[in-house]
Structures are given as C-alpha cells and as structure tokens.
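Below: the structure, in structure tokens.
The values are calculated or read from the model by the stated rules, or taken from the named source; none is laboratory data. Worth saying up front: this structure is predicted, and the values here are computed from it rather than measured. Heads up, the Cβs are rebuilt from the backbone with ideal geometry, glycines too, and the neighbour counts pull from every protein chain shown.
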Amino acid sequence: MTQIRCIAIDDEPFALAILADDLRRFPYLDLQATFSNAFDADLWLKTHSVDLIFLDIQMPTLTGTQFLRGLSQPPMVIFTTAYEQYALEGFELNVVDYLLKPIPFQRFEKAVFRAKELFELRQKEETPAVAERGFFFVFSEYKEIKIYFDEVNYVEGLKDYVKIYTTQQPKPILTRLNLKAMEAKLPEMQFGRVHNSFIVAFERITAVQRAKVHLGNVEIPIGNRYIAEFEQRYRKLSSE
C-alpha cells in the first residue's frame with residue numbers, strides 16, 4: 001500500500017521523541033517531520049501535504065485545537081494529550097482517535113490501525129469504481145460512513161461542517177467539510193449548487209419555483225447567483 005505521510009507536533013521534547021520512535025515501528029507510516037510548536041507545523045504545511053497528524057493539545061500560544069480549526073482542508077488527526085477534558089472537542093473536530101498520555105503502545109497501535117483503515121477507504125474512494133452505483137465516504141462520530149450517491153437528498157452547509165440528508169438515515173449525517181469540498185465529492189450530472197448553503201440531488205426535486213425547489217415536503221431556497229445556471233441544467237436534465 002501507499003505509505004501514509006505523517007507529522008508529529010508536541011511541545012514536550014521527551015514525549016515527541018517517544019512518539020517519533022513509536023511511529024517508525026510501522027512500515028506503512030512515513031514520518032516526514034516533527035515539530036515542537038504548531039506555528040512551525042502550520043508554516044511547513046503551506047508547502048507540504050500530509051495524510052495524518054499526531055497532535056498534542058496543550059501547547060503555549062497556539063493550542064492543538066486552535067491549530068486544527070485553522071486548517072482549511074485538515075488531514076486525519078490523532079490527538080495525543082494528558083488532558084481528558086478535550087475529548088468532546090475532539091469528537092466535534094472528527095479526529096480519528098484521542099490518546100491519553102502516557103500512551104500504552106497497544107492503545108497507540110490501535111489508533112494507528114484505525115487511521116490506516118480510514119486511509120485505505122479514502123484511497124478506494126479515489127479509485128474509479130467498477131460498479132455502476134457510485135459512493136463516497138465521510139468521517140462522522142469517530143467512524144467512516146459509506147454513502148451512495150443515489151441515497152443523498154440534499155446537503156446543507158454550516159461554515160466548516162455539512163449536514164448530509166439521505167434516504168437511509170432519519171437524521172442528517174454531520175461531517176467536518178465545507179460545502180465546496182462536499183460539492184467536489186458529488187457527480188456534477190446528479191447534483192447542483194442552488195444556494196450558498198445548499199446542494200440538491202436533481203432526481204429528488206419534485207417541484208420548482210422561481211425562488212425555491214421542493215424535495216417532497218422540504219423547501220430549499222435558490223440563491224440569485226445560482227438561478228440561471230440551475231434553470232439551464234435542470235431544464236436540460238428534464239428533457240433527457
């Protein structure tokens with residue numbers, strides 16, 4: 001398999017050295033750099049790409065959570081910290097795992113394997129599927145969720161998060177992606193942006209008005225900047 005490119009960030013030199021030694025025990029991990037503060041890591045990431053970050057939370061000036069929230073397209077993240085109180089925030093940030101120091105190697109190994117599984121799932125997603133029924137993956141509530149394109153009704157954007165409304169789940173699936181990144185995952189022929197905050201599945205549309213579309217009982221506004229393109233695309237699809 002392709003190696004997982006990773007970095008480690010921790011302001012404690014001894015903890016960082018142990019972490020680096022542990023990471024080098026996994027042949028499928030490629031430890032590219034270590035950092036004693038989040039500022040240096042942020043600067044490095046402007047010219048480098050990684051798949052996984054091992055991130056301490058309590059660091060001076062810029063904490064791990066502040067650093068993570070500042071990334072526009074965050075990779076997988078495993079928190080390594082001595083503090084339990086950030087677990088909920090880690091959950092909200094969709095981190096792969098949350099490890100409490102001192103970290104037993106077996107627990108560390110489990111977290112690394114979880115990241116490996118997630119990495120492999122994402123690689124499969126990027127590989128053209130043989131089957132006709134397409135799908136994609138999102139990370140939500142500490143697990144990877146497979147969603148078929150034809151199950152999606154619409155997507156609502158909430159700044160750094162999106163809610164995915166599907167035919168299979170009574171509640172929307174919440175994941176940490178912006179709407180632009182979500183739009184890139186969806187087939188252009190099946191989905192369209194109709195508003196700064198909404199993407200809809202064309203086949204779910206039951207009625208269209210000048211300023212909104214209906215998906216059954218759900219009404220979604222059409223933004224002024226999207227009206228012309230939406231009408232053109234929807235008219236073309238309806239005539240096929």
State yes or no: is ILE57 among the β-branched types (Val, Ile, Thr), under 19 Å from LEU99 (Cα atoms), part of a helix (DSSP H, G or I) and in the same structural domain as ASN94 (by TED's automatic domain parsing)?
no
Mind listing just one residue for me: the one in the stretch 43-69 that is farther than 22 Å from ILE4 by Cβ and in contact with an Asp or Glu (Cβ under 7 Å, 6 or more places away or on another chain) and, of those, modelled with the lowest pLDDT?
PRO60
Quick one: how many residues across the stretch 179-199 are without any contact (Cβ under 8 Å) to a residue 60 or more places away in the chain and either in a loop (DSSP other than H, G, I, E, B) or out of contact with any helix residue (DSSP H, G or I) (no Cβ under 9 Å at 6 or more places or on another chain) (or both)?
12
For a quick check of your reading of the model, give me the residue pairs whose first member lies in the stretch 150-165 and is over 18 Å from PRO187 (Cα atoms) and assigned by TED's automatic domain parsing to the domain that holds VAL218, whose second is of a type in the set (Ser, Thr, Tyr) and surrounded by fewer than 21 Cβ atoms within 10 Å (Cβ to Cβ), with beta-carbon atoms closer than 8 Å and at least 6 apart or on different chains.
LEU158/SER197; TYR161/THR175
Output the number of residues of the stretch 182-207 satisfying the condition of being under 17 Å from ILE147 (Cβ atoms), among the aliphatic types (A, V, I, L, M) and buried (at least 16 other Cβ atoms within 10 Å of the Cβ).
5
Residues (over 23 Å from MET76 (Cβ atoms), touching a strand residue (DSSP E or B) at 6+ places or on another chain (Cβ under 6 Å) and surrounded by fewer than 17 Cβ atoms within 10 Å (Cβ to Cβ)) located in the stretch 153-181
none
Looking at the stretch 54-63, is at least one residue among the hydrophobic types (A, V, I, L, M, F, W, C), farther than 26 Å from LYS185 by Cβ, in contact (Cβ under 8 Å) with a residue 24 or more places away in the chain and out of contact with any helix residue (DSSP H, G or I) (no Cβ under 7 Å at 6 or more places or on another chain)?
no
In the stretch 200-218, residues that are within 27 Å of PHE139 (Cα to Cα), in a strand (DSSP E or B) and out of contact with any Leu (no Cβ under 7 Å at 6 or more places or on another chain) total 3
